[in-house]
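A.B. asks: Before I ask anything, let me first share the structure, which is written out below as structure tokens.
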Amino acid sequence: MRTWLEVIGSEGALTVPNPFKPGVREMLELERGGRLDTIEVAGSPELFVRQVEHFENSALDEAPSVVTLSDSRHTAATLAALFASARDRSALYPD
């Protein structure tokens, strides 16, 4: 199984080779202006463990949420806009 994440914008593209199960160190690729740069970042084998721990602390211990409601709304709006854009594009350029 091969999975990667590619984010493409008007000024470049970012490729994440292992978005769902990163190793200890990961190399991202940033392409912009015809130039390809490699960015080394720390990965984590416990990527989702911390997410569950934060949720548990918020739900059970009333700790403040790591991600605010406003941030969540912005993320949901961004995903909705991406979906709408993809849907509109597929209507303009059917297979």
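FYI, it's all coordinate maths here, none of it is from the lab. Quick caveat, the model's predicted, so the values are computed rather than measured. Note that each Cβ is placed from the backbone with ideal geometry, even for glycine, and that neighbours are counted across all protein chains shown.
A.B. asks: Please verify whether the stretch 48-61 includes one or more residues that are hydroxyl-bearing (Ser, Thr, Tyr), surrounded by 13 or more Cβ atoms within 10 Å (Cβ to Cβ) and under 17 Å from the mean Cα position of the chain (by Cα). It would help to see each step written out before you state the result.
C.D. replies: Step one: filter the stretch 48-61 for residues hydroxyl-bearing (Ser, Thr, Tyr), giving 58.
Imposing the further condition that a residue be surrounded by 13 or more Cβ atoms within 10 Å (Cβ to Cβ) reduces the set to 58.
Cutting the leftovers down to under 17 Å from the mean Cα position of the chain (by Cα) gives us none.
No, the conditions are met nowhere in the stretch 48-61.
A.B. asks: From the list 40, 26, 11, which one is touching a strand residue (DSSP E or B) at 6+ places or on another chain (Cβ under 9 Å), charged (D, E, K, R) and in a loop (DSSP other than H, G, I, E, B)? Talk me through it step by step, then tell me what you get.
C.D. replies: Values: 40 fails: in a loop (DSSP other than H, G, I, E, B); 26 fails: in a loop (DSSP other than H, G, I, E, B).
Going through 40, 26, 11 in turn, just one is touching a strand residue (DSSP E or B) at 6+ places or on another chain (Cβ under 9 Å), charged (D, E, K, R) and in a loop (DSSP other than H, G, I, E, B): 11.
A.B. asks: Provide a single number: the residues in the stretch 55-69 that are assigned to a helix (DSSP H, G or I) and aliphatic (A, V, I, L, M).
C.D. replies: The number of residues fulfilling the criteria is 3.
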